[in-house]
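J.: The structure under discussion is supplied below as structure tokens; questions concerning it will follow.
The values are calculated or read from the model by the stated rules, or taken from the named source; none is laboratory data. All figures in this text were calculated on a predicted structure; none of them were measured in a lab. Cβ: placed from backbone, ideal geometry, glycine included. Neighbour counts: every protein chain shown. Calculation scope for accessible area: heavy atoms of the full protein, side chains included, ligands and nucleic acids excluded. Shrake-Rupley method; radii C 1.70, N 1.55, O 1.52, S 1.80 Å.
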Amino acid sequence: MKNKTDKAEEQKTREPTVENIRDLILDAKKKAYAETDSEPEPELTSTVEWPVTCTVGPGLEGAIACESKIGYVNGSKGWLIYRGYDIFDLCAYSTFEETSYLLLHGRLPSQSELTEFTTSLRERMFIPQTQRLMLSFPIETMNPMSALRLGTNLMRQKQTYRDRDSDTEVGEILATDDDTIPMETRPAGKKNPVFEFLTGLFKRVHPASADALVGSDEIESCYNLIAGVASVAATIGRTRAGRIPLEPLPECGFAGNYLYMVTGKRPTALEERIMDISLILHADHGMNASTFASMVVASTLSDIYLAIGAGISALSGPLHGGANVEVVKMLAEIGDPSNAGNWFRDTTAAKKKIMGFGHRVYKAYDPRARILGPISALLTENDATLKKTYATAVALEAEVVSELGATKKIFPNVDFYSGIVYSAMGIPRELYTTVFAVSRVAGWCARVVEYLENNRIFRPRALYTGTFDEKYIPPNER
Ligand code: SDX
């Protein structure tokens, strides 16, 4: 029989701390690699000779759209790599600021670069002018992702540069929104036209290399977007709660400030760390629908704010980023772990998709779910309602994996546990997809800027299966 002190000791070790979160992640990494070790090693390449041959299915399944050094997903091994770094290691040791820098610039920053970048993002989260403009709209009754796209566009207007440029005449600012009108130029040695932002506020630099991007218009707008979309998302949360928007706290990092600005409460060190990990996990994921949408818009030389708006639009669908909200609704509908079996059988009999499961690429367990699952367990330990939700999720996962895992390679994806984590941190359910966007802006920006280095407008084909030689008949003879 355990005496009182042993039990208290055990409870204490179970209490989640920033340290044991790292252990949890490294344990998940060991388990992941052990489980997929028998899968064949991928054929990797460092150069591509275009045109490439690939077998393409509906929805561009299997199509190769471009080369990239930004991120790699291996579906059979369950690998997720950002710029060569394993996602488990980045979650165990990095921060969202550092990971965003890595995705954008292709290398980890030095300590001084990281300090400067962290400070810069915090300053750029300060967008009172945009927040004020947002309050001119019925944000509280809008679909949160529509509101996020609206707010991102409001950031685009030159007038929001008043957030940081207090001595500019209002008249001049309101006169035009030329801050991101692109000019197509063809610098010497470049194969294709280069997408260039023309603003009086930033020097014009042709991005000769990732490092040359620093200080260029492209990268300035990416920094503005990564920081500003988080503030816009938090403003939506505050407005929906009937509260006024908040400004970032000087002592908080990106994740902590997002949490503070949306909940109004200074997050604990543990909450800040878990938010940081969630943002790292969602930052990039190959050519997913929303990243591809951003790239397609940018490839027409539209501007990056509108390209990111396209990413927000694509992410909002329940088959993509919107699944995290649907999962929590689904778990509430199931209600109890004991109902999971019957619910699963009814749903599959009705040929309905189960939210939070399956993936176009992963035919193994999504590594992101391997981290978010155990974190959910830790966070819900002391909350009866959430503990039941988590237990229901575990029961459903057991049903799905036992019935569809081996046969159809259907496993939990990133959206299955993320909603439980957000709920435990006080984020309202309708904002879950906006949290996904707050993170994915980093991946969208990185891939847009990389693609524009050798831009070519996206223009796939459709196989025409219609008729020919139809004769026109005037309306009165039909
Ligand atoms: C994200 O692309 C990315 O990288 C996305 C993402 C990212 O980080 O950007 O990872 C984020 O979007 C994760 C996915 C979130 N969406 C969901 O959880 C919604 C539920 N999942 C499914 O809609 C589906 O799995 C997709 C959309 C994710 C993938 O769909 P596919 O690759 O087009 O697969 P499919 O619909 O062609 O299904 C293939 C088979 C079908 O069975 P058959 O008709 O061949 O008998 O698998 C079955 C499907 O019925 N299937 C499922 C299922 N997903 C696929 N059956 C039940 N439940 C599911 N969830």
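To keep it simple, each residue is scored yes or no on (1) among the β-branched types (Val, Ile, Thr); (2) open to solvent by 60 Å² or more (accessible area, probe 1.4 Å); (3) at pLDDT below 95.
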position: THR99; (1), (2), (3): yes, no, no
position: LEU102; (1), (2), (3): no, no, no
position: GLU113; (1), (2), (3): no, no, no
position: ARG124; (1), (2), (3): no, no, yes
position: ILE127; (1), (2), (3): yes, no, yes
position: THR130; (1), (2), (3): yes, no, yes
position: LEU133; (1), (2), (3): no, no, yes
position: SER136; (1), (2), (3): no, yes, yes
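J.: For ILE457, work out the one condition from (1) under 30 Å from VAL232 (Cα atoms); (2) surrounded by 15 or more Cβ atoms within 10 Å (Cβ to Cβ) it doesn't fulfil.
T.: Just one mismatch for ILE457, condition (2).
J.: Another one. Would you point out the residue of the range 283-299, among those that are open to solvent by less than 30 Å² (accessible area, probe 1.4 Å) and assigned to a helix (DSSP H, G or I), that is farthest from the ligand (Cβ to nearest atom)? Walk me through how you get there before you give the answer.
T.: Of the range 283-299, the ones open to solvent by less than 30 Å² (accessible area, probe 1.4 Å) are 283-286, 288, 290-291, 293-295, 298-299.
Narrowing further to those that are assigned to a helix (DSSP H, G or I): 290-291, 293-295, 298-299.
Values: SER290: 6, THR291: 7, ALA293: 11, SER294: 12, MET295: 13, ALA298: 17, SER299: 19 Å.
Taking the candidates together, the pick is SER299.
J.: Of the residues VAL361, VAL421, which is among the β-branched types (Val, Ile, Thr) and either under 25 Å from ASP23 (Cβ atoms) or over 17 Å from the mean Cα position of the chain (by Cα) (or both)? Walk me through how you get there before you give the answer.
T.: On the way: VAL361 fails: either under 25 Å from ASP23 (Cβ atoms) or over 17 Å from the mean Cα position of the chain (by Cα) (or both).
Only one candidate qualifies: VAL421.
J.: Further question: Could you pull out the residue among PRO267, PRO207 that is at pLDDT 95 or above, away from the ligand (no atom under 16 Å from the Cβ) and not in a helix (DSSP H, G or I)?
T.: On the way: PRO207 fails: at pLDDT 95 or above.
Residue meeting the stated conditions: PRO267.
J.: Still on this structure, I have one more. Step by step: first the residues of the range 366-386, then only those that are assigned to a helix (DSSP H, G or I) and loosely packed, with under 15 Cβ neighbours inside 10 Å, then the one that is nearest to the ligand (Cβ to nearest atom). Which residue is that?
T.: Filtering the range 366-386 for residues assigned to a helix (DSSP H, G or I) gives 367-380, 384-386.
Next, from what is left, pick out any that are loosely packed, with under 15 Cβ neighbours inside 10 Å: 384-385.
Working: ALA384: 27, THR385: 23 Å.
Filtering the range 366-386 for residues that are assigned to a helix (DSSP H, G or I) and loosely packed, with under 15 Cβ neighbours inside 10 Å, the one nearest to the ligand (Cβ to nearest atom) comes out as THR385.
J.: Pick out, from the range 91-159, the helices (runs of 4 or more DSSP H) lying fully within it that include 3 or more residues that are over 18 Å from the mean Cα position of the chain (by Cα).
T.: On the way: elements: 96-105, 111-124, 128-134, 144-156.
Once the helices (runs of 4 or more DSSP H) in the range 91-159 are filtered for at least 3 residues that are over 18 Å from the mean Cα position of the chain (by Cα), what remains is 111-124, 128-134, 144-156.
J.: Working carefully through the options ALA446, ALA437, find the one that is closer than 30 Å to ALA377 by Cα, at pLDDT 95 or above and either open to solvent by less than 90 Å² (accessible area, probe 1.4 Å) or assigned by TED's automatic domain parsing to the domain that holds ALA298 (or both). Give the steps one after another, and end with the answer.
T.: Values: ALA446 fails: closer than 30 Å to ALA377 by Cα.
Result: ALA437 is the single residue among ALA446, ALA437 that is closer than 30 Å to ALA377 by Cα, at pLDDT 95 or above and either open to solvent by less than 90 Å² (accessible area, probe 1.4 Å) or assigned by TED's automatic domain parsing to the domain that holds ALA298 (or both).
J.: Related question: Can you tell which of ALA314, ALA332, ALA350, ALA307 is aliphatic (A, V, I, L, M), near the ligand (Cβ under 10 Å from one of its atoms) and over 30 Å from LEU26 (Cβ atoms)?
T.: Values: ALA332 fails: near the ligand (Cβ under 10 Å from one of its atoms); ALA350 fails: near the ligand (Cβ under 10 Å from one of its atoms); ALA307 fails: near the ligand (Cβ under 10 Å from one of its atoms).
Only one candidate qualifies: ALA314.
J.: Is there any pair with a first residue in the range 251-276 that is more than 14 Å from CYS91 (Cα to Cα) and a second that is hydroxyl-bearing (Ser, Thr, Tyr) whose Cβ atoms are under 7 Å apart and which are 6 or more apart or on different chains, and what are they?
T.: Every condition considered, the pairs that remain are CYS252/TYR260; GLY253/THR95; GLY253/THR118; MET261/SER231; ARG266/TYR260; PRO267/TYR260.
J.: Can you tell me which of (1) of a type in the set (D, E, K, R); (2) within 18 Å of GLY311 (Cβ to Cβ); (3) more than 16 Å from the ligand (Cβ to nearest atom) is the one GLU251 doesn't meet?
T.: So the condition that GLU251 fails would be (2).
J.: Of the conditions (1) farther than 23 Å from VAL414 by Cβ; (2) surrounded by 20 or more Cβ atoms within 10 Å (Cβ to Cβ), SER302 satisfies every one except a single condition; which number is it?
T.: (2)
J.: Would you confirm whether or not the range 37-49 contains a residue that is surrounded by 13 or more Cβ atoms within 10 Å (Cβ to Cβ) and more than 15 Å from the ligand (Cβ to nearest atom)? Step through it out loud before you land on a result.
T.: Step one: list which residues in the range 37-49 are surrounded by 13 or more Cβ atoms within 10 Å (Cβ to Cβ), which gives 39.
Next cut, more than 15 Å from the ligand (Cβ to nearest atom) only: 39.
The answer is yes; a qualifying residue exists.
J.: In contact with a Gly (Cβ under 6 Å, 6 or more places away or on another chain) and within 23 Å of PRO367 (Cβ to Cβ) - does that describe any residue in the range 331-354?
T.: Initial filter on the range 331-354 (in contact with a Gly (Cβ under 6 Å, 6 or more places away or on another chain)): none.
Checked against the condition, which is being in contact with a Gly (Cβ under 6 Å, 6 or more places away or on another chain) and within 23 Å of PRO367 (Cβ to Cβ), the range 331-354 yields no hits at all.
J.: Mind listing whichever residues of the range 387-424 are open to solvent by 30 Å² or more (accessible area, probe 1.4 Å) and in contact with a Leu (Cβ under 6 Å, 6 or more places away or on another chain)? Before the answer, list the steps.
T.: So in the range 387-424, the residues open to solvent by 30 Å² or more (accessible area, probe 1.4 Å) come out as 387-391, 394, 397-399, 401-404, 406-411, 423-424.
If the condition is that a residue be open to solvent by 30 Å² or more (accessible area, probe 1.4 Å) and in contact with a Leu (Cβ under 6 Å, 6 or more places away or on another chain), then THR389, ILE410, ALA424 are the ones that fit.
J.: I need a count of the residues in the range 226-259 that are closer than 20 Å to SER316 by Cβ and surrounded by 24 or more Cβ atoms within 10 Å (Cβ to Cβ).
T.: Summing the residues that are closer than 20 Å to SER316 by Cβ and surrounded by 24 or more Cβ atoms within 10 Å (Cβ to Cβ) in the range 226-259 gives 12.
J.: Same structure again: So which of ALA395, ALA391, ALA406, ALA424 ends up being within 14 Å of the ligand (Cβ to nearest atom) and of a type in the set (Gly, Ala, Ser)?
T.: Details: ALA395 fails: within 14 Å of the ligand (Cβ to nearest atom); ALA391 fails: within 14 Å of the ligand (Cβ to nearest atom); ALA424 fails: within 14 Å of the ligand (Cβ to nearest atom).
Only one candidate qualifies: ALA406.
Results for (1) free of Cβ contacts under 8 Å to residues at least 60 places away in the same chain; (2) of a type outside the set (Lys, Arg); (3) under 24 Å from SER294 (Cβ atoms), shown as yes or no for each residue.
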| position | (1), (2), (3) |
| --- | --- |
| SER110 | yes, yes, no |
| GLU116 | yes, yes, no |
| ARG124 | no, no, yes |
| GLN129 | yes, yes, no |
| ARG132 | yes, no, no |
| LEU135 | no, yes, no |
| PRO144 | no, yes, yes |
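J.: Would you point out the residue of the range 353-364, among those that are buried (at least 20 other Cβ atoms within 10 Å of the Cβ) and within 7 Å of the ligand (Cβ to nearest atom), that is nearest to GLY419 (Cα to Cα)?
T.: Keep residues of the range 353-364 that are buried (at least 20 other Cβ atoms within 10 Å of the Cβ), which gives 354-359, 362, 364.
Keeping just the survivors that are within 7 Å of the ligand (Cβ to nearest atom) gives 354-359.
Details: ILE354: 15, MET355: 12, GLY356: 10, PHE357: 14, GLY358: 17, HIS359: 18 Å.
My answer is GLY356.
J.: Going by what's in this entry, would LEU148 be described as surrounded by 24 or more Cβ atoms within 10 Å (Cβ to Cβ) and assigned by TED's automatic domain parsing to the domain that holds LEU259?
T.: On the way: surrounded by 24 or more Cβ atoms within 10 Å (Cβ to Cβ): yes; assigned by TED's automatic domain parsing to the domain that holds LEU259: yes.
Criteria met by LEU148.
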